[in-house]
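Since the structure comes first, as structure tokens, the remarks are kept for the end.
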Amino acid sequence: MLRALAARLKQGQRTLSYPKGTPTLPDRFRGRPETDFSRCDAGCAARLKDCPTGAVVETDGHRRLDLGRCLFCADCAAACPHGAVRFTAEHKLAAWSREDLVLPGTEPKIRPDDPKFRKIARSLQIRVVSAGGCNACEADINVLSTIVFDLSRFGISVVASPRHADALIVAGPVPRNMRLALEKTYRALPAPRIVIAVGACAISGGPYAGHEEVCGGAAAVVPVDLYIPGCPPHPLTILDGLLKLTGRL
Amino acid sequence: MSRSSLRLQNGERAELKDVPLLSLREFHGDLLCDIRQGGRLASLFGHPVGDGVRLFAVTAHGDTGELSVSSADAGDSYPSLTPDCPQAHWFEREIAEQWGARPEGHPWLKPIRFHRPYRGGLPSDGGPLPAGVTDYFQVQGDGIHEVAVGPVHAGVIEPGHFRFQCHGEDVFHLEISLGYQHRGIERALVGGPGPRSIHLMETAAGDTSVAHATAYSWAIEALSNRRSPARGSVLRGIALELERLANHTGDLGALGGDVGFLPTASFCGRLRGDFLNLTALACGSRFGRGWMRPGGAAFDLEAPRAAELLERLGQAMSDVGNAVGMLLGSPSVLARFEETGVVSKASAEALGLVGVAARACGLERDVRFEFPAGIFRMTHIPVSTWESGDVFARAQVRWLEIQRSAAFIAEQLVALPEGPIRSEPAAGLEPESLAVAMVEGWRGEVCHVALTDAAGRLARYKVVDPSFHNWMGLALALRDQQISDFPLCNKSFSLSYCGHDL
Ligand code: SF4
């Protein structure tokens with residue numbers, strides 16, 4: 001007992017004050033990219049094909065960066081001599097629709113006014129399903145329950161049974177072999193259900209997009225309400241998304 | 001070692017024409033001879049040649065530090081190696097599933113990932129296979145009941161299906177059925193390297209990004225006669241050991257959690273993150289994404305950054321020592337860890353277990369020591385073993401490794417060689433070649449084998465995650481245990497679903 005108390009003293013108080021204070025992220029952290037494709041010249045089109053997920057898309061002569069596909073590898077920023085893409089330290093990336101993830105975009109939207117979001121303001125119970133996730137998204141969701149992030153102080157917790165859950169988090173590109181299990185888990189949630197896609201894989205298939213072994217993300221199987229991009233998203237990025245969902249941010 | 005096979009060092013290239021093509025009989029005989037002499041199967045896989053399938057075997061000889069490679073043509077079927085060599089069992093199931101080559105006499109021939117064979121069409125031809133539907137082993141008799149768990153589990157973990165044959169609380173047998181995470185990685189690597197290849201490697205098992213990306217980089221370097229400069233090699237070593245620190249610390253905390261020992265569970269939960277943040281200090285990603293690349297490392301540790309890393313490492317290690325000391329010094333914890341989930345040394349050897357699971361049975365298996373490459377040629381990390389083969393041994397080996405990895409990193413950080421961190425890009429891959437690259441990831445041996453075609457493209461890329469060898473070890477550990485000890489045993493192995501399913 002005394003040993004445990006001494007250890008507790010040594011280990012100290014570790015919970016972040018987030019969202020009041022945001023901890024400094026490492027200088028090499030790659031958060032929300034800033035794009036200025038007006039700087040591109042004719043040679044740039046050739047470099048587009050080097051993006052591993054085809055996240056830099058060109059439609060009607062307009063170039064845009066799809067955060068839902070981006071792996072935040074920053075290869076494009078390194079390859080571009082004109083500085084058309086620059087990664088910032090901004091960790092807030094969550095979006096309410098797939099279109100809002102495409103940069104340059106409009107101003108960040110606020111939460112859609114759906115009654116199902118109102119009921120979770122004080123208490124949000126989440127069931128997480130890994131469907132082809134590589135265990136990085138899973139790990140950074142799990143870490144939210146540690147003393148550092150202490151998710152439960154926001155009234156949010158991760159639950160074991162879908163019957164106890166208000167929302168479903170999906171991680172991974174949803175392999176065909178997981179399709180049925182994901183559908184069944186979704187249906188086991190009491191309605192109205194909320195679905196959150198965490199990570200590039202769950203949003204767009206990520207590096208597995210186009211593989212015939214996968215469905216290409218959560219939206220192919222269940223309707224998605226909130227998208228949290230990244231590969232994997234930083235825990236603060238996920239936390240920011242969850243707090244937006246509950247209306248705390 | 002049999003005379004007829006080709007010998008290679010870890011990270012070396014050979015021409016495909018120098019890989020001996022044996023008759024099935026010789027292939028079989030040579031492999032058994034190698035295994036009897038202490039070798040073990042690092043990889044065994046099929047590769048389509050013409051209408052048929054060619055089998056390639058890579059045997060690892062820890063005593064000499066050599067790898068031997070041989071091949072043989074199998075048609076639609078071939079005599080199974082498994083009855084004589086149990087460690088081939090999972091490989092042969094994979095070969096049957098991927099290429100439709102049936103190992104005659106295999107005692108346990110079932111799908112491992114539930115996809116249709118690649119030979120003669122795409123996996124989607126004929127529609128999807130229902131995952132997890134197979135004929136499970138069943139025990140019958142008075143009071144016997146079956147417990148089925150998964151694919152979706154209670155915690156935030158990956159999917160897999162477990163079937164227990166129980167008598168009351170006692171488990172007679174556990175059967176593990178995977179494949180829910182199958183994303184088609186090996187198939188997608190063929191024709192590469194392409195812009196996505198390294199990302200498939202970094203996400204093959206996302207908690208092992210550094211080890212898989214390093215193995216891939218080594219394989220590509222071997223095939224393109226490229227090398228990492230000395231500084232890049234040291235950075236790779238540091239990245240690999242940071243990955244081990246984070247995962248081992250997290251696992252020790254989770255083991256505490258599984259026996260209700262909450263102080264260590266919560267301290268280690270935080271400390272694991274501190275180690276991940278050290279990796280992020282180096283490369284911006286907590287999982288080392290983007291750090292390891294063919295040719296070396298993509299991010300340097302300049303002097304101030306190295307100094308900060310060293311200081312923060314020291315602080316974290318002091319707290320880890322405190323947290324783990326409490327765990328392994330508590331009689332109530334030891335009572336739950338000791339003699340739970342025992343795997344004998346003989347079983348570990350027969351099944352070809354690797355990594356922590358093997359070392360916890362007293363086997364001195366560690367790629368860093370047996371097949372050193374890169375920085376591990378210069379600096380040796382002592383192999384950490386324990387004899388008892390139980391949950392305690394797997395915890396104790398982790399704790400020993402944490403201390404040794406931290407000492408290694410500290411030593412390297414103050415003696416980083418000068419110079420570049422990455423070599424100039426190479427023109428392309430050598431055609432008609434084969435390379436083997438092995439890395440001791442935190443779970444154990446990561447083995448990649450790459451074959452190129454006449455145009456220097458990847459014709460086959462075989463990935464073996466340590467979990468591939470070790471899932472059967474978990475099944476054995478559960479025999480005659482209480483079913484309530486499953487979470488504890490499972491955590492003590494801490495295997496990867498996606499690394500297995502690919
Ligand atoms: S950072 Fe994103 S957009 Fe840029 S190359 Fe990488 S995946 Fe593509």
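The values are calculated or read from the model by the stated rules, or taken from the named source; none is laboratory data. The model shown is predicted, which means the values in this text are computed figures rather than measured ones. Neighbour counts run over all protein chains shown; Cβ positions are idealised from the backbone, glycine included. Surface accessibility is based on the protein's heavy atoms, side chains included, excluding ligands, DNA and RNA. Shrake-Rupley method; radii C 1.70, N 1.55, O 1.52, S 1.80 Å.
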Within the under-9-Å Cβ sphere about residue B:356, not counting residue B:356, Lys/Arg +1 and Asp/Glu -1 give a net charge of +2
Sort the following peptides by mean Cβ neighbour count (other Cβ atoms within 10 Å, averaged over residues), highest first: A:11-22, B:275-286, B:382-393, B:137-148.
B:275-286, B:382-393, A:11-22, B:137-148
Chains B and A: how much accessible area gets covered up at their contact, both sides added, probe 1.4 Å, in Å² to the nearest hundred?
4700
Selection from B:332, B:384, B:230 lying farthest towards where the dipole of the protein assembly as shown points positive, charges on Cβ:
B:332
Within the range B:1-67, list the trypsin sites (Lys or Arg not before Pro) lying in a DSSP loop whose Cβ has at most 10 other Cβ atoms in a 10 Å radius.
B:3
If you count, for every residue in A:141-147, the Cβ atoms of partner chains within 10 Å of its Cβ, what is the mean?
5
What is the magnitude of the charge dipole of the range A:115-245 about its Cα centre, with +1 placed on the Cβ of each Lys and Arg, -1 on the Cβ of each Asp and Glu, and no other charges, expressed in debye to the nearest 20?
620
Dipole magnitude (debye, nearest 20) for chain B, charges at Cβ of Lys, Arg, Asp, Glu:
980
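Counting pairs of alpha carbon atoms under 8 Å apart in space and at least six apart in sequence, what relative contact order in percent does the range B:407-475 give?
Taking the mean separation of contacting Cα pairs over the length of the range B:407-475, I get 23 percent.
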Given Cβ charges of +1 for Lys and Arg and -1 for Asp and Glu, the option among B:181, B:281, B:239 whose Cα lies farthest towards the positive end of the dipole of the protein assembly as shown is B:281
Extension gain, residue B:109 back to residue B:144 (0.36 nm per residue minus Cα-Cα distance, nm):
10.1 nm
Got a number for the accessible area of residue B:378? Probe 1.4 Å, square angstrom, nearest 10.
150
Take the Cβ-Cβ distance between residue A:111 and residue A:188 as r, set R0 to 35 Å, and report the resulting FRET efficiency rounded to the nearest 0.05.
0.90
Under 12 Å from the Cβ of residue A:69, count the other residues' Cβ atoms, weight Lys and Arg +1, Asp and Glu -1, and hand me the total.
+2
With 18 Å as the limit, write out which pairs from A:184/A:244; B:345/B:491; A:119/A:244; A:20/A:244 have Cα-Cα distances beyond it, or answer none.
A:184/A:244; B:345/B:491
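Roughly to the nearest percent, how much of the accessible area of the range B:359-466 is carbon and sulfur, given a 1.4 Å probe?
55
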What does the structure give for B:150-163 when I average, per residue, the other chain Cβ atoms found within 10 Å of the residue Cβ?
6
Residues of B:273-284, mean number of Cβ from any other protein chain within 10 Å of their own Cβ, rounded to a whole number?
4
Indicate the gyration tensor shape class of chain B (rounded, prolate or oblate), computed on the Cα atoms with a ≥ b ≥ c the square roots of the eigenvalues: a/c under 1.5 is rounded; otherwise a/b larger than b/c is prolate and the rest oblate.
oblate
Approximate spin-label separation residue B:7-residue B:378, in nm, with each point projected 7 Å along Cα-to-Cβ:
2.7
Among A:152, A:211, A:233, the residue whose Cα sits farthest towards the positive end of the charge dipole of the range A:115-245 (+1 at Cβ of Lys and Arg, -1 at Cβ of Asp and Glu, taken about the Cα centre) is A:152
Can you tell me, using C-alpha contacts under 8 Å and at least 6 residues apart, the relative contact order of chain A as a whole percent?
21
